[in-house]
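Chemist: Quick one: the structure is below, questions incoming.
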Amino acid sequence: MSFGNTPDQAFVSWATTCSASTQVKWGTTSGAQNNLAAGNQSQYTFNGAAYTSPFLHHVLLSGLPPNTPIFYSVGGDASGFSPVMSFTSHPGYGLQANGSYFAVIGDLGQTSNSVDTVNHIVASPHPFTAMIHAGDLSYADSDEPRWDSWQQMVAPLASSLPWMTVVGNHEIELDTNLKSFEAYQARFPMPAINYGTPSQSQQLHYSFRAAGVHWLMLSSYTDYDPSSAQYAWLQAEVGRIDRSVTPWVVAVLHAPWYNSNYAHQGEGDAMKAAMETVLYNAGVDLVYAGHVHAYERTYRTYQGVANAAAPYYIGIGDGGNREGLATDWMYPQPAWSAFRQASYGHGELQVVNATHMHWAWHQNPDLEPVVADELWIVKGQSAELAQAPAAKAAGHRFRAQERKAAAHPGGVTAHPRFARRAAAGAAQ
């Protein structure tokens, strides 16, 4: 699932091993799918004839009522239809009376740690509006069948929750025809870059608005300098922000602009130099990034200095991956870095109202099944509120363990069960 170009739309995507009908039956009750929408199927090849994808089907549903359970099945009369699945439609651009939640991940991959992350999100008591994925999805890395296995892994969640993505470096996958991002663009329809555009854009940047948030989805791996199409689009897009409808503005990219880990150090600096002032002048509240396989949260920061009008930056590249955790932190910790920890997990962003959002970072259950970091984001307030005592205690316990793990020859952690899981994931 993914959101379409307008609130009454949603993309439904699936794969089949043979050519088949591309239709979706849908309705607002589980026993009656009386609406029918048709779409297109396609395939792509990679490295010549070395790999041919399954038949990839995409259907754009339109006329959906807002914030309503939609029951649907995919297929066709000739090939048959799937069992009935469901998702909740777009809530509308504005704030929701009872608030809303977004799940946030990065660098997911398909290891046992990845499965833990997905299961942890599934087990959350909150009804998420969408999944926000800050790049590095499958870690196929040109081994294209891994895209198929990854999409099978996430299907139970991705079939019921709109999955909004940006590209990471592992999506580049330069083909022998010198094309890149082929698998990503063939598999993941996202909204077009201009409101009202009827067809899917081939740009890797876009925006969408939902539940009081204007999301700016940026590409770290296409041109972003001031002469680029992405920069021009961003300048125009921030001019479209309407705080009376979407009081919150959040940007998502892959290579972090603020990172106190030696892993991938400086790789986001050029994009930061080009675009940080644009986001600052637009009053962006929060910026998510992936890439570094650890969690890190900053204070409100602009050009490396605390600034009450600047965004918070959160590195969330800890979804699972197959390369291990990034434990090599810089010391002393930079003044702009508020909290950092090398552990797998996910985040949950709660939009409470026009002045308050709550962010919570959850460790995976094989460490501490508690919120390990949290933050109230308050309009006009630069200082964060105190962490919950349980979260602080969990963080202290893990950081003590992490210091031991730094010199551990058997892996990235000294926790025996966790080390076994990491080793098993690396072998996949």
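Only the coordinates and a few stated rules stand behind these numbers; no lab work does. Here the structure is a predicted model, which is why all the values come from computation and not from measurement. Ideal geometry is used to build each Cβ from the backbone, glycine not excepted, and the neighbour counts take in all protein chains shown.
Chemist: Considering only region 78-111, state which residues are within 19 Å of residue 361 (Cα to Cα) and either more than 16 Å from the chain's Cα centre (by Cα) or of a type in the set (Gly, Ala, Ser) (or both). Spell out how you get there, then give the answer.
Modeler: Going residue by residue through region 78-111, those that are within 19 Å of residue 361 (Cα to Cα) are 99-109.
Across region 78-111, the qualifying residues are 99, 100, 103, 106, 109.
Chemist: Taking region 337-379 as the search range and keeping residues that are among the β-branched types (Val, Ile, Thr) and in a strand (DSSP E or B), which one is nearest to residue 122 (Cα to Cα)? I'd like the intermediate steps shown before the answer.
Modeler: Filtering region 337-379 for residues among the β-branched types (Val, Ile, Thr) gives 351-352, 355, 370-371, 377-378.
Remaining after also requiring in a strand (DSSP E or B): 351, 371, 377-378.
Values: 351: 19, 371: 16, 377: 25, 378: 28 Å.
Only one residue tops the list, namely 371.
Chemist: Given the conditions (1) touching a strand residue (DSSP E or B) at 6+ places or on another chain (Cβ under 6 Å); (2) under 18 Å from residue 359 (Cβ atoms); (3) touching a residue at least 60 places away in the same chain (Cβ under 8 Å), report the number of the one that residue 124 does not fulfil.
Modeler: Residue 124 satisfies every listed condition except (1).
Chemist: I've got another one for you. From the list 209, 146, pick out the single residue that is crowded, with 18+ Cβ neighbours inside 10 Å, touching a residue at least 24 places away in the same chain (Cβ under 8 Å), charged (D, E, K, R) and more than 25 Å from residue 318 (Cα to Cα).
Modeler: On the way: 146 fails: more than 25 Å from residue 318 (Cα to Cα).
One residue alone meets the criteria, 209.
Chemist: Which one of these is within 22 Å of residue 348 (Cα to Cα), surrounded by fewer than 24 Cβ atoms within 10 Å (Cβ to Cβ) and of a type in the set (Gly, Ala, Ser): 283, 266? Lay out the reasoning, then the answer.
Modeler: On the way: 266 fails: within 22 Å of residue 348 (Cα to Cα).
Only one candidate passes the filter, namely 283.
Chemist: Is it the case that some residue within region 231-239 is in a helix (DSSP H, G or I), aliphatic (A, V, I, L, M) and surrounded by fewer than 19 Cβ atoms within 10 Å (Cβ to Cβ)?
Modeler: So far as region 231-239 goes, yes, one or more of its residues are in a helix (DSSP H, G or I), aliphatic (A, V, I, L, M) and surrounded by fewer than 19 Cβ atoms within 10 Å (Cβ to Cβ).
Chemist: Somewhere in region 116-129, is a residue of a type in the set (Ser, Thr, Tyr), surrounded by 20 or more Cβ atoms within 10 Å (Cβ to Cβ) and more than 25 Å from residue 271 (Cα to Cα)?
Modeler: Within region 116-129, the first condition is being of a type in the set (Ser, Thr, Tyr), and the residues that meet it are 117, 124, 129.
After this cut, where a residue has to be surrounded by 20 or more Cβ atoms within 10 Å (Cβ to Cβ) as well, the list is 117, 129.
Checking the rest, the ones that are also more than 25 Å from residue 271 (Cα to Cα) come to 117, 129.
Yes, region 116-129 contains at least one residue that is of a type in the set (Ser, Thr, Tyr), surrounded by 20 or more Cβ atoms within 10 Å (Cβ to Cβ) and more than 25 Å from residue 271 (Cα to Cα).
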